[in-house]
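Chemist: Let me begin by handing over the structure; questions about it come next.
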Protein chains: 2
Amino acid sequence: MSLASHLDRATVERIVREIVYKQAPATGPAGNGTAPKSSELVVSVSARHVHLTDEDVEILFGKGAKLTVDKPLYQDGFYAAAETVMVVGPRRRMLPTVRVLGPTRPFSQVELAFTDGISLGIDLPVRPSGKISGTPGCVLVGPKGVVELKEGVIRAERHVHMNQVEAKRYGVKNGDRMSLRIESSCTVVFEDLLVRADDTSKLEVHIDTDEGNAADLDHAKKVELLKQ
Amino acid sequence: MSLASHLDRATVERIVREIVYKQAPATGPAGNGTAPKSSELVVSVSARHVHLTDEDVEILFGKGAKLTVDKPLYQDGFYAAAETVMVVGPRRRMLPTVRVLGPTRPFSQVELAFTDGISLGIDLPVRPSGKISGTPGCVLVGPKGVVELKEGVIRAERHVHMNQVEAKRYGVKNGDRMSLRIESSCTVVFEDLLVRADDTSKLEVHIDTDEGNAADLDHAKKVELLKQ
């Protein structure tokens with residue numbers, strides 16, 4: 001079984017490397033010149049993760065259980081939890097260790113990259129977070145119990161968080177689309193980046209691991225947010 | 001060991017799904033209107049694969065061994081071989097079944113996506129095929145022997161094959177750069193696509209699995225080749 005045990009270790013090491021919401025360094029000011037100089041554009045890669053309801057936390061981790069803050073995320077109040085779950089897809093194919101993000105939400109949802117979807121045998125729809133009607137389901141396995149999600153497995157649509165002041169300066173509003181250009185040894189422009197503007201968010205783009213890898217974000221020379 | 005054996009099976013299934021050089025259907029005519037109508041733009045995803053010398057084929061598969069044609073590729077004369085090798089990286093992390101592409105070459109080379117590089121623990125340089133000086137090495141394991149590559153593990157730079165007639169119509173020449181736009185539910189523009197023009201190639205873009213997944217090529221509505 002040395003082949004299988006190597007695989008298992010490699011998987012575990014990969015998960016450790018991909019710690020949820022790996023923060024890319026701010027690699028340059030926002031690009032189109034209209035944003036304030038103080039708003040450095042942060043581009044973050046969201047590795048696969050799960051959002052849970054209070055009820056599902058108790059089913060998976062035991063009566064009275066609450067999520068434990070492991071690492072704060074860039075947006076105030078959000079965090080990678082210490083807890084992980086196993087995500088099981090059709091035909092018992094599974095991802096063994098998927099990080100839970102907090103705080104809890106009114107619905108449980110699984111956000112994966114297409115690469116994860118292929119591993120799991122799920123054809124992922126691309127959806128903004130929360131728009132899960134009619135999406136595939138899965139089974140979540142925790143140390144104390146199992147939850148069957150009837151729906152909620154998605155590839156999260158790439159998006160940019162910003163506050164209303166930044167939205168005004170970029171000339172966009174909540175729900176608009178922008179483009180993100182990542183300049184590297186393999187430069188990519190991601191179109192149709194959803195603008196999620198509210199009163200309190202910090203300026204931050206969320207892309208997934210496939211997108212981060214396609215553009216070699218780790219070695220990016222410049223990141224720019226462009227009005228479409 | 002049920003966890004490990006599931007992982008192993010999932011990996012095998014994924015490899016089967018990603019059969020090397022999965023052919024995307026031609027999803028539209030070449031985009032800028034200058035290409036002949038007969039040249040449908042084909043965009044192909046190159047899954048991880050290996051090129052071998054005649055000598056390395058004999059070391060890995062036995063004295064006198066030759067590659068066996070399993071599936072012809074889109075470019076005339078090229079094929080996915082029946083043979084596969086194990087690619088072993090630092091600290092014995094490995095990819096168990098990497099397809100060999102034929103025909104043989106004057107040098108052996110391993111082409112991986114960044115996702116594969118993370119699994120293997122190798123920080124991949126982005127290089128055009130053949131420009132492997134100073135790149136990381138690895139160990140290849142076949143049924144009959146082992147080859148240590150001192151260098152040659154790369155992420156292949158995205159590129160477009162075309163013949164001189166098509167190059168002239170696009171107004172580009174060998175070594176130039178173009179952009180590829182893939183329109184889908186998550187539209188992406190890949191800049192800096194290397195033009196590889198010669199007398200005989202068919203019009204075909206090669207991107208890797210990370211790039212194909214980032215752009216959701218499988219569900220693309222339109223693909224366009226644009227002059228930069």
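The values are calculated or read from the model by the stated rules, or taken from the named source; none is laboratory data. Given the structure is predicted, the values throughout are model-derived calculations rather than measurements. Because the Cβ atoms are built from the backbone with ideal geometry, glycine has one as well, and the counts that use them run over all protein chains shown. The area values use the complete protein model at the heavy-atom level, side chains included, leaving out ligands, DNA and RNA. Shrake-Rupley method; radii C 1.70, N 1.55, O 1.52, S 1.80 Å.
Chemist: Which residues in region A:86-105 place their backbone N less than 19 Å from a point set 7 Å from the Cα of A:E148 along the Cα-to-Cβ direction?
Modeler: Once the point is set 7 Å along Cα→Cβ of A:E148, A:86-95 turn out to lie under 19 Å by backbone N, inside region A:86-105.
Chemist: Hey, what's the Cα Rg ratio for region A:140-195 versus the globular rule of thumb, 2.2 N^0.38 Å?
Modeler: This ratio for region A:140-195 stands at 1.72.
Chemist: Shortest first, in nm, what separates the label point of B:V69 from those of the same position in the other copies (7 Å along Cα→Cβ)?
Modeler: Label point to label point, same position, other copies: 6.4 nm.
Chemist: If you take the C-alpha gyration tensor of region A:157-222, multiply each eigenvalue by 5 and take the square root, what semi-axes do you get, largest first, in whole Å?
Modeler: Listed largest to smallest, the semi-axes of region A:157-222 are 23, 11, 10 Å.
Chemist: Tell me the net charge near A:L203. Cut-off is 9 Å between Cβ atoms, A:L203 excluded, with +1 for each Lys or Arg and -1 for each Asp or Glu. Please report the intermediate quantities before stating the final value.
Modeler: Numbers: positive: A:K202; negative: A:E40, A:E166, A:E204.
In short, -2.
Chemist: Shifting gears a bit: With labels modelled as points extended 7 Å from the Cα through the Cβ direction, what inter-label distance (nm, one decimal) is found for B:D123 paired with B:D198?
Modeler: Roughly 3.3 nm, to one decimal.
Chemist: Using the Kirkwood radius built from alpha carbon pairs, what does the Stokes-Einstein equation give as D for region A:75-150 at 20 °C and 1.002 mPa s, in µm² per second?
Modeler: 161
Chemist: Quick check: pseudo-label points 7 Å beyond the Cα along Cα→Cβ at A:R105 and A:D218, how many nm apart are they?
Modeler: Computed distance between label sites A:R105 and A:D218 equals 2.7 nm.
Chemist: Can you give me the solvent accessible area of A:R169 with a 1.4 Å probe, rounded to the nearest 10 Å²?
Modeler: Using a 1.4 Å probe on the heavy atoms, I get roughly 120 Å².
Chemist: Okay, next question. Could you please put A:K63, B:K173 in sequence from largest to smallest accessible area, using a 1.4 Å probe?
Modeler: Values: A:K63 195, B:K173 130 Å².
Largest accessible area first, the list is A:K63, B:K173.
Chemist: Sort out for me the Cα centre separation of region B:108-170 from region A:165-197, rounded to whole Å.
Modeler: The distance from the Cα centre of region B:108-170 to that of region A:165-197 comes to 32 Å.
Chemist: Also, I was wondering about something else. Given Cα positions, please report Rg to Rh for region B:84-201, the hydrodynamic radius being the Kirkwood one.
Modeler: Ratio value, two decimals: 1.04.
Chemist: Let me ask something additional. Quick one: net charge around A:M162, please, counting Lys, Arg +1 and Asp, Glu -1 for every other residue with C-beta under 12 Å from its C-beta.
Modeler: Taking every other residue near A:M162 into account, the sum is 0.
Chemist: Oh, and also: Which part of region A:92-131 falls in the paramagnetic zone of A:T68, meaning amide N under 20 Å from the point 7 Å along Cα-to-beta-carbon?
Modeler: The answer is A:96-105.
Chemist: Using the 7 Å Cα-to-Cβ label point, sort the distances from B:T200 to its equivalents in the other copies shortest first and give them in nm to one decimal.
Modeler: Nearest first, the other copies' label points are 6.6 nm away.
Chemist: Then there's this: Protein chains only, probe 1.4 Å: how do B:I59, A:I118, A:I182 rank by accessible area, largest first?
Modeler: B:I59, A:I118, A:I182
Chemist: Suppose every Lys and Arg Cβ carries +1 and every Asp and Glu Cβ carries -1, with no other charges. What dipole size does region A:68-216 come out with about its Cα centre, to the nearest 20 debye?
Modeler: 380
Chemist: Towards the positive end of the charge dipole of region A:138-228, with charges on Cβ (+1 Lys, Arg; -1 Asp, Glu), say which of A:V146, A:T209, A:A167 has the farthest Cα.
Modeler: A:A167
Chemist: Continuing with the same structure: Where Lys and Arg each count +1 and Asp and Glu each count -1, what net charge lies around B:T104 among other residues with Cβ under 13 Å from its Cβ?
Modeler: Summing Lys and Arg as +1 and Asp and Glu as -1 gives -3.
Chemist: While we're looking at this one, here's another question. Ordered shortest first, which distances in nm separate the 7 Å Cα→C-beta label point of B:P90 from those of the other copies?
Modeler: B:P90 label point versus its equivalents elsewhere: 4.0 nm.
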